[in-house]
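The next block holds one structure in the form of structure tokens; read it before the comments.
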Amino acid sequence: MSSELYYADYLQLGRLLGAQRPESRRLGHEAHDEMLFIVVHQAYELWFRQILHELDAVLADFASERLDERSLAAICAKLERITRIQHLLVEQIGVLETMAPQDFLEFRDLLVPASGFQSVQFRVIETKLGLRVRDRPGGGTYVRRFSPGDRRLLEQLDHEPSLFDRVDAWLARMPFLQDDHYDFWSSYRDTLVQMFEADRAVLEQHSQLSDEERAQQLEQLQQSQQQFDCLFDATAYEKARTAGHVRLSRQAFQAALFIHLYRDEPLLQQPFRLLELLVEIDEQLTAWRYRHALMVQRMIGSRIGTGGSSGHQYLRQSAARTQIFGDLFNLASYLVPRSRLAPLPVGLSRKLDFHFSTLGNG
Ligand code: HEM
């Protein structure tokens with residue numbers, strides 16, 4: 001017999017294609033659309049597997065002592081791949097929507113109490129990204145719906161450092177924000193003070209505002225200023241963190257802001273890309289949740305889910321509550337236009353620079 005590798009063996013197609021067993025067929029009245037239902041779920045699980053493969057490698061990279069430009073580029077490449085897969089996952093819901101709600105009813109009751117809610121890989125992805133138990137609707141009770149082995153796995157994972165934790169620690173370690181001649185935080189504060197003063201002057205002199213409108217706008221300005229002040233006061237920041245208004249540590253938040261403000265500097269471009277990819281992953285996850293919730297409403301209306309939840313209503317709540325990198329989204333409130341930004345000191349700018357040098361041939 002030839003020892004050449006054969007396509008079907010390499011991909012284990014015998015096992016893969018033998019793994020679609022509709023319940024309705026087993027019970028003797030096969031519902032045509034159950035095959036689609038199974039194949040779509042299995043396709044999701046395969047993609048989840050690939051996402052975890054990438055995520056585990058990213059977590060391992062972050063755990064290493066040194067994170068240089070090369071490893072950052074490799075991390076970004078993996079995160080980018082995750083986002084591409086996520087786009088597919090959102091799109092894939094449309095395939096399932098070709099099933100009419102009434103055709104779903106042909107086999108839906110046979111599935112109780114199983115539910116996509118019990119997708120362990122999906123839960124592992126959420127947890128490894130940094131979704132905390134307390135942020136889930138229903139908190140820690142969600143693990144009750146899993147088998148004892150899966151429950152142990154999920155509970156154990158909850159105590160391991162997530163991507164959120166790794167990114168927080170990496171940002172908090174970031175150099176450049178302070179040296180003998182430069183302090184980013186006080187430079188940024190000066191910029192903000194000037195910006196608020198300029199905005200106040202515009203409001204005070206604006207000829208088309210009524211006294212009432214002016215007072216309202218000045219009040220709003222005052223409120224944004226207070227929000228910014230919280231960034232500069234360590235105690236106020238910790239209070240906001242304990243209350244759940246921010247999640248990143250203060251040092252990490254400062255570093256993320258610095259990266260955003262000075263992202264044109266060559267050495268900050270890769271870190272900026274990384275932060276953008278994390279936002280994209282979070283956004284795609286939320287997009288999937290909303291898309292899935294709408295599909296569920298279309299499919300089962302206001303019925304409860306096979307897993308026993310309130311169905312569509314629970315899913316909406318879950319979509320609204322499960323943002324992981326919300327602080328990175330909110331950074332946009334703290335940005336200032338480039339034209340108002342204090343230039344970096346020459347020494348620091350040089351440290352953040354790298355370029356190809358062209359060698360002359362004479
Ligand atoms: C006809 C198609 C589908 C229907 C009617 C449906 C329905 C539901 C419902 C009602 C829930 C809430 C839990 C419950 O009570 O069961 C749920 C949760 C969930 N489903 Fe689906 N689902 C469908 C397809 C899918 C697919 C293809 C996936 C992909 C793996 C999936 C993954 C999930 C996940 C991960 C959750 C938990 C979401 C969260 O907690 O935020 N579902 N589904």
Exercise for review: Determine the per residue accessible area of segment 1-116 with all protein chains present and a 1.4 angstrom probe, expressed in square angstrom.
Suggested key: 65
Review point. Using unit Cβ charges (K, R positive; D, E negative) and no other charged atoms, how large, in debye to the nearest 20, is the dipole of segment 262-336 about its Cα centre?
Key: 620
Revision key, fill the gap. Checked segment 146-197 with the C-alpha gyration tensor, a ≥ b ≥ c its square-rooted eigenvalues, rounded below a/c of 1.5, otherwise prolate if a/b is larger than b/c and oblate if not; verdict oblate
**Study point:** For the chain, built as a Gaussian network whose Cα springs stay under 10 Å, the top-fluctuating residue of Ala256, Ala60, Ala243
**Key:** Ala243
Practice item. Return the carbon/sulfur percentage of the accessible area of the chain, one whole number, probe 1.4 Å, all protein chains in place. Key: 51
Check your understanding: Which of the lysines could be linked to Lys128 by a straight reach, that is with a Cα gap under 30 Å, when you skip same-chain ones fewer than 8 residues away?
Key -> Lys78, Lys239
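Would you calculate a helix-derived [θ] at 222 nm for the chain, using -39,500 (n - 2.57) for each DSSP H run of n ≥ 4 and dividing by the full residue count, to the nearest 500?
Working: 17 runs with 230 residues, N = 362.
Helix-only estimate at 222 nm: -20500 deg cm²/dmol.
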Check your understanding: Which is the longest part of the chain that has none of the chymotrypsin sites (Phe, Trp or Tyr not before Pro) sitting in a DSSP loop with at most 12 other Cβ atoms within 10 Å?
Key -> 7-353
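With the other protein chains left in place, how much accessible area per residue, in square angstrom, belongs to segment 219-273 at a 1.4 angstrom probe? If you can, show how the numbers build up before the last one.
Details: 2770 Å² over 55 residues.
Value returned for segment 219-273: 50 Å² of accessible area per residue.
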Point to revise | Relative contact order (%) - criterion: Cα under 8 Å, at least six apart; region: segment 30-351 | key: 27
Check your understanding: About its Cα centre, what dipole magnitude does the chain give when the only charges are +1 on Lys and Arg Cβ and -1 on Asp and Glu Cβ, stated in debye to the nearest 20?
Key -> 980
Review point. Along the charge dipole of the chain, which of Met174, Tyr290, Leu153 sits closest to the positive end, that is, farthest toward it, with unit charges on the beta carbon of Lys, Arg, Asp and Glu (+1, +1, -1, -1)?
Key: Leu153
Practice item. Assuming 1.306 mPa s and 10 °C, estimate D for the chain with Stokes-Einstein, Rh taken as the Kirkwood radius over Cα pairs, in µm²/s. Key: 65
Practice item. For Leu5, Leu267, give the ranking by accessible area with the largest first, probe 1.4 Å. Key: Leu5, Leu267
Practice item. Could you please put Cys76, Cys230 in sequence from largest to smallest accessible area, using a 1.4 Å probe? Key: Cys230, Cys76
Exercise for review: Mind checking which of Leu88, Met195, Phe329 is farthest towards the positive end of the chain's charge dipole, using Cβ charges of +1 (Lys, Arg) and -1 (Asp, Glu) about the Cα centre?
Suggested key: Leu88
Study note, to complete from the structure: The answer for GluC sites (Glu not before Pro) in segment 51-115 that fall in a DSSP coil and have at most 10 neighbouring Cβ atoms within 10 Å is Glu65
Practice item. Between Gln20 and Asp109, with labels modelled 7 Å along Cα→Cβ, what's the label distance in nm to one decimal, could you check? Key: 2.6
Check your understanding: Within segment 69-89, what residues put their amide N at less than 17 Å from the label point 7 Å along the Cα-to-Cβ vector of Lys351?
Key -> 69
Review point. Any idea how far the Cα center of segment 245-288 sits from the one of segment 165-234, in Å?
Key: 19
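The values are calculated or read from the model by the stated rules, or taken from the named source; none is laboratory data. None of the values given here were measured: they were computed from a predicted structure. FYI the Cβ positions are ideal-geometry reconstructions off the backbone, even for glycines, and counts take in every protein chain you see. Heads up: the accessible areas ignore ligands, DNA and RNA and are worked out on the full protein's heavy atoms, side chains in. Shrake-Rupley method; radii C 1.70, N 1.55, O 1.52, S 1.80 Å.
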